[in-house]
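**Q** Please read through the structure below; I'll follow up with questions.
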Amino acid sequence: MRFPGPDSNFATHEERGRGPTFYAHSANNDGAWHPLVDHLRMVGDMAADFAGAARWREEARLAGLLHDIGKYANRFQRRLQGKEKGLDHWSQGASLALIPQKAVAAALAIQGHHIGLQRGDTDSLRQLDAPNLAKAVLPGLDLSESDLTLLGQRASDDGLAFPQTIEPCLQNWKYAVAAMLDVRMLFSCLVDADFLDTEAHFNTVQNDAKARRVAPPLDAAAAIAALHEFMEHTIREKSAGTDDVRTMREDLWQACGDMSKSAPGLFTLTAPTGSGKTLAMLRFALEHAKEHNLRRIVIVIPFLTVLEQTAEIYRSVFCNFPDRYVLEHHSLAGLGAEHSRHDAESGASQQQRLLSQNWDAPIVLTTNVQLLESLFSNRPSACRKLHRLMQSVVIFDEAQNVPTSLAVPTLAALSSFASNYNSSVVFATATQPAFDALSNEISRHSSLGWNPKEIVTECEELFNRLDRVHIDWRNKPVEWSELATEIAMETQALVICNLKRHALALHDILQKKETDGVFHLSTNLCPGHRRDILARVRSRLEENRPCWLISTQCVEAGVDIDFPTVFRAFGPLDAVAQAAGRCNREGRLKGQGRVIIFEAKDVAEARRQYPTFAYYQAAEVTRLLWKEHGAVDLSSPAIFREYYKNLYDVAKPESLNPDLIDAINARDFAKVARHYRIIEKDTLQILVPWGDRTDQFYNLRDQAEREGISAGWMRRAQELSVSLYKPRGGMPAWAIPAKLRARNGVAAGLSDEWFILEGNFYNDTLGLVPPERDQLFIA
C-alpha cells in the first residue's frame with residue numbers, strides 16, 4: 001500500500017520495495033521533508049553523547065529512539081499535511097520505555113518533551129501502561145495511534161533497533177530532590193537533542209545565516225595563560241592598592257591555584273570584599289578544569305549589575321579568543337525566549353541566542369534565577385541546558401544570596417549534582433553562610449548532605465590582614481535631617497538605605513544642603529544611567545572633589561567603588577559587611593575608613609524599615625548579635641557562622657516553603673516548578689527615555705510600534721529598561737505594552753513583560769518616579 005504523502009512528489013520506501021516513508025517534520029526551505037527514522041536515530045545518538053559517562057547513557061539513547069514513535073501513526077502523517085490536529089504523539093513512547101524496559105526516567109522525559117515533565121508517583125506512572133494510556137492524554141488531545149504493537153513494528157521495519165539492557169537512571173525515589181534532578185538531566189539530554197536535530201532540519205543551506213555554529217571548546221591551558229597575562233599587565237601594573245592589600249590579593253590568588261588540584265566536589269571560597277575574588281575564582285575554575293578535564297565554566301551571579309561588570313572583565317581577559325567564548329545569559333539579554341524558525345534575527349546576535357538556549361559555550365555567565373530555577377523546572381526550554389553542567393565548574397558568586405526559603409532543596413540538588421556528574425560547585429562570598437548547619441535536613445533529600453571544602457584554608461588570617469575600616473554601631477535612632485547634617489560634614493560619603501523611599505527622602509534633604517556632588521543610585525535608574533552615575537562618582541573620588549552618593553542596596557554587591565566614609569542603615573549582617581567593602585577598599589587612607597551603622601527614626605513599626613519580612617528577621621538576628629558581642633567584628637568569618645546559624649534557628653529554612661516540599665515528596669515536577677521561585681513576584685520591564693539617550697528611546701519605541709519586539713530589540717532596550725513588580729489589574733496609564741513580533745515579521749499581539757513609558761516620569765537624577773511608585777518599586 002502506498003502511504004499518502006504530503007504532495008505528489010512524496011517519496012516512499014515502497015518505491016524501493018520497503019513500504020512507506022514516515023516523516024518527523026514537514027518541508028524545510030529546500031522543500032525536503034524530515035524522515036522519521038533519521039530523526040529518531042540522530043536524537044538517540046545525540047542524547048547518548050550528551051549523557052557522556054553517566055551510567056544511564058543507554059537509557060538516554062532509548063529515550064531519543066522512542067520520543068517520537070507516535071509519529072509512525074497514519075493520523076500524525078495527515079497532521080503534517082494539515083488534515084489532522086490535536087494529536088498526542090509522545091505518550092506511546094513513554095509507555096514503551098516504561099513497561100518493557102522499566103526506564104522510568106526515559107518515560108517521564110518522553111512524556112514531557114512537549115508538555116513538560118509531569119508526575120512520577122505510582123498512580124501517574126500506571127496511566128502509561130498500554131490499557132490505561134488514554135488517561136495520560138491531556139484534555140483536548142487524542143492519541144495519534146493507540147496500537148503500540150503497530151508503532152513498534154513500523155519502527156522495526158524502518159530498521160530501528162532499541163537497547164535491550166539499560167542501567168536505569170532512576171533506581172528509587174528515596175532522596176526525592178536527587179532523583180528528580182537525575183530525571184531532569186536525562187530530560188535535558190533528550191530535549192536538547194530533539195531541538196538541535198529539528199533546528200538543523202529547518203536551518204538549511206539556503207538559510208545558512210541562521211544555522212547554529214558550534215561554540216569553541218574550552219582550551220583551559222590557553223585560557224590560563226591569558227588570565228595570567230591579564231593579571232600581570234592589566235591588574236598588577238595598574239593596582240592602586242597598598243602593599244598590604246596587594247599582598248593579601250596575591251595570597252588569595254595563590255590559594256586558588258593551589259586548591260585547584262583537589263578532586264571535583266563541593267567547595268567554599270571565603271575571602272574579604274576587595275580581595276580580588278573575581279579573577280582568583282576564575283583561576284581556580286580554569287586550573288581545576290585543566291587538572292580534571294572539565295568542559296565548561298559557569299559563573300552564577302545574583303545581580304545583573306554585577307553580572308554585567310564581571311562579563312566585561314572576562315571579555316577583556318579573553319579578548320583575543322574566538323567569538324562566543326564568553327556567553328552572557330540572563331532575563332534581559334533577549335536570549336532566553338523560544339523563537340520560531342521564522343524569526344528574522346541574524347549574524348552574531350543570532351548565534352548568541354542560539355548558543356544561550358543550551359549554554360553551548362566554554363564560559364557562561366548567568367544569574368541565580370536562570371540556573372537555579374532551571375534545576376527545578378519542568379519545561380523543555382529551561383531544562384535543555386542542564387546537561388551542559390556535567391563535567392563543569394559552577395561558581396556561585398555572592399553565594400549568601402541563595403534565598404533562605406529555598407536553601408534546603410537547592411543545596412540538596414547541588415550536592416547531588418556535584419557527586420554524580422563529575423563537576424565542582426563553588427560558593428564564593430565574603431560572608432559565607434553556615435549551610436553545613438543544614439546538612440541533616442539536606443541529607444533527607446540528597447544522601448551526602450552539605451560538606452564543602454574551603455579553598456582558602458587560612459581565611460581567618462586573610463580577613464584579619466585586611467582590617468581597613470572601623471565600624472561605629474549607633475544605638476540611638478536618628479532623624480533624617482540630623483543624619484543629613486552629619487553626612488554633609490563629610491567631604492566624601494556613601495549612604496546606603498534599606499528602602500528606596502528612604503534614599504529619596506535623604507537625597508532631597510542633602511540636595512538642598514549641597515547642590516553640587518550629590519548623587520542618587522537605585523534600580524529606579526536604567527542600567528546605562530547607573531553606570532553613568534558610578535563613572536561620575538568614581539571620577540570625583542579620584543579627583544578628591546566633594547561627593548555624596550545616596551543609594552539603595554544595589555551598590556553593595558560587586559560594585560567597585562571606594563569611599564572614605566560609609567553610612568549604612570541597620571540591616572542584616574551580610575548586608576552591613578558588603579557596605580563596609582565599599583569603604584577604604586584599596587587601603588589608601590592613612591588610618592581606617594569609617595562605617596557608621598544608623599537607624600532611622602521616622603517609622604513607628606520596625607518591620608516597615610525593611611523591604612521584606614525575611615530581611616527584617618535577618619536584621620533582628622544581627623541586633624541580637626550586636627547586643628551580645630557589642631561591636632560586631634565584620635572581619636571574623638566565625639561571627640558570620642554564628643549569625644547564619646542563629647538565623648536558621650529563627651527562620652527554620654526547612655519549613656519555610658511547605659508547598660515546595662510537598663510537591664517534591666509527591667514527585668510532581670510541574671508543582672515543584674511553580675513553587676520554586678527565586679523572585680516570588682513577577683516583574684516587567686519599562687523602556688525609559690534617559691538623558692542623552694532619548695533618541696535611542698524614541699527609535700526603539702517606533703520600532704516596537706512598527707515591527708514588534710524581537711530578541712535584538714530586547715538587547716538594545718536593556719540599557720534603557722527599569723524593572724518593576726507587575727501591578728495587579730494591568731498596567732496604569734503611564735505605560736503602554738510593547739508589541740510582540742509575530743512569526744511572519746508583522747507586529748501583532750502585546751507583551752506582558754515589556755512596556756514603554758508614556759509621560760514625563762523619568763528624572764535625570766532620580767530615575768523612574770511614576771505616581772504609583774510605592775506600590776511597584778523593587779526595593
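The values are calculated or read from the model by the stated rules, or taken from the named source; none is laboratory data. Quick caveat: nothing in here was measured; it's all calculated off a predicted structure. Cβ coordinates were reconstructed from backbone atoms using ideal geometry, including for glycine residues, and neighbour counts include every protein chain displayed. Protein only, heavy atoms only, side chains kept; ligands, DNA and RNA dropped before computing areas. Shrake-Rupley method; radii C 1.70, N 1.55, O 1.52, S 1.80 Å.
**Q** When only residues in region 112-147 that are open to solvent by 20 Å² or more (accessible area, probe 1.4 Å) and of a type in the set (S, T, N, Q) count, which is nearest to Leu375 (Cα to Cα)?
**A** Ranking the qualifying residues of region 112-147, first place goes to Gln118.
**Q** Filter region 135-168 down to residues that are among the small types (Gly, Ala, Ser) and within 36 Å of the chain's Cα centre (by Cα) and give me whichever is nearest to His113 (Cα to Cα). Spell out the reasoning first.
**A** Initially, region 135-168 is screened for residues among the small types (Gly, Ala, Ser), giving 136, 140, 144, 146, 152, 155-156, 159, 161.
Narrowing further to those that are within 36 Å of the chain's Cα centre (by Cα): 136, 140.
Details: Ala136: 14, Gly140: 18 Å.
It comes out as Ala136.
**Q** Right, here's the next one. So which helices (runs of 4 or more DSSP H) stay within region 44-103 end to end and still have 2 or more residues that are open to solvent by 10 Å² or more (accessible area, probe 1.4 Å) and over 16 Å from Ala161 (Cα atoms)? Walk me through how you get there before you give the answer.
**A** Values: elements: 57-66, 74-80, 91-98.
Per the criteria, 74-80.
**Q** I'm told Ala488 meets every condition in (1) more than 34 Å from the chain's Cα centre (by Cα); (2) open to solvent by 30 Å² or more (accessible area, probe 1.4 Å); (3) of a type in the set (Gly, Ala, Ser) except one. Can you identify the failing condition by its number?
**A** Only one criterion in (1) more than 34 Å from the chain's Cα centre (by Cα); (2) open to solvent by 30 Å² or more (accessible area, probe 1.4 Å); (3) of a type in the set (Gly, Ala, Ser) is unmet by Ala488, namely (2).
**Q** Give the residue, chosen from Glu250, Glu287, that is in contact with a Ser or Thr (Cβ under 6 Å, 6 or more places away or on another chain) and either open to solvent by 20 Å² or more (accessible area, probe 1.4 Å) or of a type in the set (D, E, K, R) (or both).
**A** Glu287
**Q** Tell me the strands (runs of 3 or more DSSP E) entirely within region 298-417 that contain at least 1 residues that are at pLDDT below 90. Talk me through it step by step, then tell me what you get.
**A** Numbers: elements: 326-329, 363-367, 392-397.
In region 298-417, 326-329, 363-367 are the strands (runs of 3 or more DSSP E) which contain 1 or more residues that are at pLDDT below 90.
**Q** Still on this structure, please answer the following. Quickly run through region 104-130 and pick out the residues that are assigned to a loop (DSSP other than H, G, I, E, B) and not hydrophobic (A, V, I, L, M, F, W, C). Full working, then the answer.
**A** To start, the set of residues in region 104-130 that are assigned to a loop (DSSP other than H, G, I, E, B) comprises 116-118, 120-121, 127-129.
Across region 104-130, the qualifying residues are Gly116, Gln118, Gly120, Asp121, Gln127, Asp129.
**Q** Does Ala430 satisfy being surrounded by fewer than 22 Cβ atoms within 10 Å (Cβ to Cβ) and more than 19 Å from the chain's Cα centre (by Cα)?
**A** So Ala430 fails the test.
**Q** Right, next: Quick check on Phe435: is it among the hydrophobic types (A, V, I, L, M, F, W, C) and over 20 Å from Val364 (Cβ atoms)? Steps first, please.
**A** Working: among the hydrophobic types (A, V, I, L, M, F, W, C): yes; over 20 Å from Val364 (Cβ atoms): yes.
Yes; evaluated as a whole, the condition is true for this residue.
**Q** Checking the conditions here, which among Arg545, Arg608, Arg585 is among the basic types (Lys, Arg) and either under 30 Å from Ala717 (Cβ atoms) or surrounded by 18 or more Cβ atoms within 10 Å (Cβ to Cβ) (or both)? Steps first, answer last, please.
**A** On the way: Arg545 fails: either under 30 Å from Ala717 (Cβ atoms) or surrounded by 18 or more Cβ atoms within 10 Å (Cβ to Cβ) (or both); Arg608 fails: either under 30 Å from Ala717 (Cβ atoms) or surrounded by 18 or more Cβ atoms within 10 Å (Cβ to Cβ) (or both).
Just one listed residue meets the conditions, Arg585.
**Q** Residue pairs, Cβ under 8 Å, 6 or more apart or interchain, first in region 483-499 and modelled with pLDDT under 95, second among the hydroxyl-bearing types (Ser, Thr, Tyr) and open to solvent by 20 Å² or more (accessible area, probe 1.4 Å). List them.
**A** Asn498/Tyr615
**Q** Within the set of pairs 6 or more residues apart or between chains, which connect a residue that is basic (Lys, Arg) inside region 274-291 to a residue that is buried (at least 24 other Cβ atoms within 10 Å of the Cβ) and in a helix (DSSP H, G or I) with Cβ atoms less than 6 Å apart?
**A** From residues that are basic (Lys, Arg), the pairs are Arg283/Cys256.
**Q** Return yes when Leu438 is open to solvent by less than 60 Å² (accessible area, probe 1.4 Å), part of a helix (DSSP H, G or I) and within 21 Å of Ala577 (Cα to Cα) and no when it is not. Walk me through it before giving the result.
**A** On the way: open to solvent by less than 60 Å² (accessible area, probe 1.4 Å): yes; part of a helix (DSSP H, G or I): yes; within 21 Å of Ala577 (Cα to Cα): no.
For Leu438, the condition - open to solvent by less than 60 Å² (accessible area, probe 1.4 Å), part of a helix (DSSP H, G or I) and within 21 Å of Ala577 (Cα to Cα) - is not met.
**Q** Restricting to region 681-695, what's the tally of residues that are within 28 Å of the chain's Cα centre (by Cα) and polar (S, T, N, Q)?
**A** Final tally of qualifying residues: 2.
**Q** Something else: So for region 689-704 (the condition being at pLDDT 90 or above, open to solvent by less than 50 Å² (accessible area, probe 1.4 Å) and touching a Gly at 6+ places or on another chain (Cβ under 8 Å)), does at least one residue qualify?
**A** yes
**Q** On the given criteria, is Leu282 crowded, with 23+ Cβ neighbours inside 10 Å, hydrophobic (A, V, I, L, M, F, W, C) and assigned to a strand (DSSP E or B)?
**A** Values: crowded, with 23+ Cβ neighbours inside 10 Å: yes; hydrophobic (A, V, I, L, M, F, W, C): yes; assigned to a strand (DSSP E or B): no.
Here the answer is no, as Leu282 does not meet what is asked.
**Q** Could you grab me the full set of residues in region 252-311 that are of a type in the set (Phe, Trp, Tyr) and farther than 19 Å from Ala557 by Cα? Steps first, please.
**A** Applying the first criterion (of a type in the set (Phe, Trp, Tyr)) to region 252-311 yields 253, 267, 284, 303.
Result: Trp253, Phe267, Phe284.
**Q** Further, regarding this structure: For Leu411, indicate whether it is open to solvent by less than 10 Å² (accessible area, probe 1.4 Å), within 26 Å of Met46 (Cα to Cα) and among the hydrophobic types (A, V, I, L, M, F, W, C).
**A** Numbers: open to solvent by less than 10 Å² (accessible area, probe 1.4 Å): yes; within 26 Å of Met46 (Cα to Cα): no; among the hydrophobic types (A, V, I, L, M, F, W, C): yes.
The answer is no for Leu411.
**Q** For residues that are more than 27 Å from the chain's Cα centre (by Cα) and part of a strand (DSSP E or B), scanning just region 761-779, find the one that is modelled with the lowest pLDDT.
**A** If we take residues in region 761-779 being more than 27 Å from the chain's Cα centre (by Cα) and part of a strand (DSSP E or B), then Asn763 is modelled with the lowest pLDDT.
**Q** Do we find that Leu327 is under 15 Å from the mean Cα position of the chain (by Cα) and within 17 Å of Pro216 (Cβ to Cβ) in this structure?
**A** Details: under 15 Å from the mean Cα position of the chain (by Cα): yes; within 17 Å of Pro216 (Cβ to Cβ): yes.
It is true that Leu327 is under 15 Å from the mean Cα position of the chain (by Cα) and within 17 Å of Pro216 (Cβ to Cβ).
**Q** If you don't mind, there's one more thing I want to ask. Which residues, taken from region 441-460, are open to solvent by 90 Å² or more (accessible area, probe 1.4 Å) and under 21 Å from Ser262 (Cβ atoms)? I'd like the intermediate steps shown before the answer.
**A** Kept after step one, since they are open to solvent by 90 Å² or more (accessible area, probe 1.4 Å), are these residues of region 441-460: 444, 448, 451, 453, 457-458.
If the condition is that a residue be open to solvent by 90 Å² or more (accessible area, probe 1.4 Å) and under 21 Å from Ser262 (Cβ atoms), then Leu448, Asn451, Lys453, Thr457, Glu458 are the ones that fit.
**Q** What number of residues within region 618-653 are open to solvent by less than 50 Å² (accessible area, probe 1.4 Å) and of a type outside the set (Lys, Arg)? So that I can check it myself, show each step before the final result.
**A** Within region 618-653, the subset open to solvent by less than 50 Å² (accessible area, probe 1.4 Å) is 618-619, 621-623, 625-626, 630, 632, 634-637, 639-640, 643-644, 647-648, 651, 653.
Retained after the next criterion (residues that are of a type outside the set (Lys, Arg)): 618-619, 621-622, 625-626, 630, 632, 634-637, 639-640, 643-644, 647-648, 651, 653.
Residues meeting the conditions: 20.
**Q** Give me the residue from region 705-718 that is touching a Lys or Arg at 6+ places or on another chain (Cβ under 7 Å) and not hydroxyl-bearing (Ser, Thr, Tyr) and, out of that set, farthest from Cys554 (Cα to Cα). If you could, list the steps in order and put the result at the bottom.
**A** Narrowing region 705-718 to residues touching a Lys or Arg at 6+ places or on another chain (Cβ under 7 Å): 705, 707-711.
Now narrow it down to the ones that are not hydroxyl-bearing (Ser, Thr, Tyr): 705, 707-709, 711.
Numbers: Glu705: 32, Glu707: 34, Gly708: 32, Ile709: 28, Ala711: 26 Å.
Step by step, filter region 705-718, then rank; the result is Glu707.
**Q** To continue, here is another question. If the Cβ limit is 7 Å and pairs must be 6+ apart or interchain, which residue in region 171-192 that is charged (D, E, K, R) pairs with which residue that is part of a helix (DSSP H, G or I)?
**A** Here the result reads Asp182/Ala105; Arg184/Cys383; Arg184/Leu386; Asp192/Phe50; Asp192/Asn358; Asp192/His387, each pair linking region 171-192 to a residue that is part of a helix (DSSP H, G or I).
**Q** Hey, any hits in region 164-185 for a residue that's part of a loop (DSSP other than H, G, I, E, B), modelled with pLDDT of 90 or more, open to solvent by less than 10 Å² (accessible area, probe 1.4 Å) and out of contact with any strand residue (DSSP E or B) (no Cβ under 9 Å at 6 or more places or on another chain)?
**A** Yes, region 164-185 has at least one match.
**Q** Can you pull out the strands (runs of 3 or more DSSP E) entirely within region 710-760 that have at least 1 residues that are more than 15 Å from Pro770 (Cβ to Cβ) and either modelled with pLDDT under 75 or among the basic types (Lys, Arg) (or both)? Even if it seems obvious, please write down each step before you answer.
**A** Details: elements: 721-725, 735-741, 747-757.
Fully inside region 710-760 and qualifying: 735-741, 747-757.
**Q** Which members of region 2-40 meet the condition of being modelled with pLDDT under 50 and polar (S, T, N, Q)? Please lay out each step first, then the result.
**A** We begin by selecting, within region 2-40, every residue modelled with pLDDT under 50; these are 2-17.
Within region 2-40, Ser8, Asn9, Thr12 qualify.
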